[in-house]
Ligand code: IPE
Ligand code: IPE
Ligand code: MG
């Protein structure tokens with residue numbers, strides 16, 4: 001008798017995929033610690049896994065992938081760790097720009113890019129600019145992103161529009177308010193995945209995830225494989241979404 005049995009392959013119906021999957025890419029530090037490596041090695045492994053998973057999402061025909069890369073709270077970390085994350089991001093963007101013609105993925109950044117270095121900010125804007133003509137798959141990278149910060153900015157921008165006569169507070173709808181968010185034009189996430197065992201939202205897509213399905217797993221982000229993604233998709237497909245109805 002087998003003492004150890006492999007988990008069965010998850011059955012995914014690829015003709016019924018969610019339109020939009022969002023992932024909190026968490027657990028890089030613990031992944032490194034378990035291997036006796038510095039936390040930065042975990043971030044490098046996490047960045048590599050992001051490439052793999054994003055490419056796979058495009059292959060299977062997912063329309064939108066949104067990933068949480070750096071939060072408004074992550075500046076609290078040691079300066080060396082923040083610099084290492086920014087360095088990995090720069091490396092990733094340079095590669096992405098180089099492969100743009102092959103990948104043909106539309107990329108957008110959600111978050112306040114102003115505290116980033118001028119070089120990194122330019123790379124983000126360049127990536128958005130070059131990739132805006134691609135259709136089919138869109139990857140949104142949340143960078144210096146916070147759900148509360150996003151809502152505050154939206155409220156401020158709306159208030160300014162009211163003050164200057166471009167908007168009317170009496171006629172604000174959910175759809176109109178959504179246009180003030182970083183995610184303007186992007187449908188709400190259907191599925192939010194958080195690896196690493198933490199069961200919290202950590203300021204991610206607070207407005208947009210109102211009716212998202214959540215999937216939590218103990219697997220750490222650098223180990224979150226295509227098979228893990230299949231498990232999340234299969235779990236999603238087994239859910240009954242009622243949106244408050246019956
Ligand atoms: C996620 O991994 C990456 C970022 C938040 C930038 P962590 O660095 O939070 O990894 P853990 O949670 O400490 O394991
Ligand atoms: C959330 O992870 C942010 C990202 C993955 C970018 P954190 O590791 O920062 O979240 P907490 O501190 O565990 O809530
Ligand atoms: Mg973490």
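No value in this document is a laboratory result; all are computed from the given coordinates. None of the values given here were measured: they were computed from a predicted structure. Using ideal geometry, Cβ is built from the backbone for each residue, glycine included, and neighbour counts are taken over all protein chains shown.
Numbers for the structure displayed
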| item | result |
| --- | --- |
| GNM top mover of 28, 144, 74 - the chain, alpha-carbon springs below 10 Å | 74 |
| For region 114-169, the spread of Cα positions along each principal axis, largest first, Å | 35, 28, 19 |
| Efficiency of FRET between residue 79 and residue 34 - r from beta-carbon atoms, R0 22 angstrom, step 0.05 | 0.35 |
| Cα-derived Rg to Rh of region 101-246, Kirkwood definition | 1.00 |
| Per-residue Cβ neighbour rank within 10 angstrom, fewest leading, 55, 66 | 55, 66 |
| For q = 0.10, 0.14, 0.16, 0.17 Å⁻¹, Debye-computed log10 I/I(0) when each Cα of the chain counts as one equal scatterer | -0.52, -1.01, -1.29, -1.44 |
| Backbone N under 17 Å from the residue 163 label point (7 Å along Cα→Cβ), restricted to region 107-127 | none |
| Zone residues, region 115-135, relative to residue 90, backbone N less than 13 Å from point 7 Å out along Cα-to-Cβ | 116-124 |
| Cubic angstrom per residue, convex hull over Cα atoms of region 44-138 | 95 |
| Region 132-205, relative contact order [Cα under 8 Å, separation at least 6], % | 42 |
| Pairwise centroid distance, computed over Cα atoms, of region 53-81 with region 95-170, Å | 14 |
| Stretch gain in nm, segment residue 125-residue 99, where the contour uses 0.36 nm per residue and the Cα spacing is subtracted | 7.7 nm |
| Approximate spin-label separation residue 19-residue 173, in nm, with each point projected 7 Å along Cα-to-Cβ | 1.6 |
| Residue-averaged [θ]222 nm for the chain, counting only DSSP H segments that reach four residues, each worth -39500 (n - 2.57) | -13500 deg cm²/dmol |
| Inter-probe distance in nm under a simple model that places probes 7 Å from Cα toward Cβ, at residue 151 and residue 11 | 4.0 |
| Relative contact order computed over region 56-174 (Cα-Cα under 8 Å; 6+ residues apart), in percent | 37 |
| The chain, relative contact order [Cα under 8 Å, separation at least 6], % | 30 |
| Cα convex hull volume per residue for region 45-99 (Å³) | 87 |
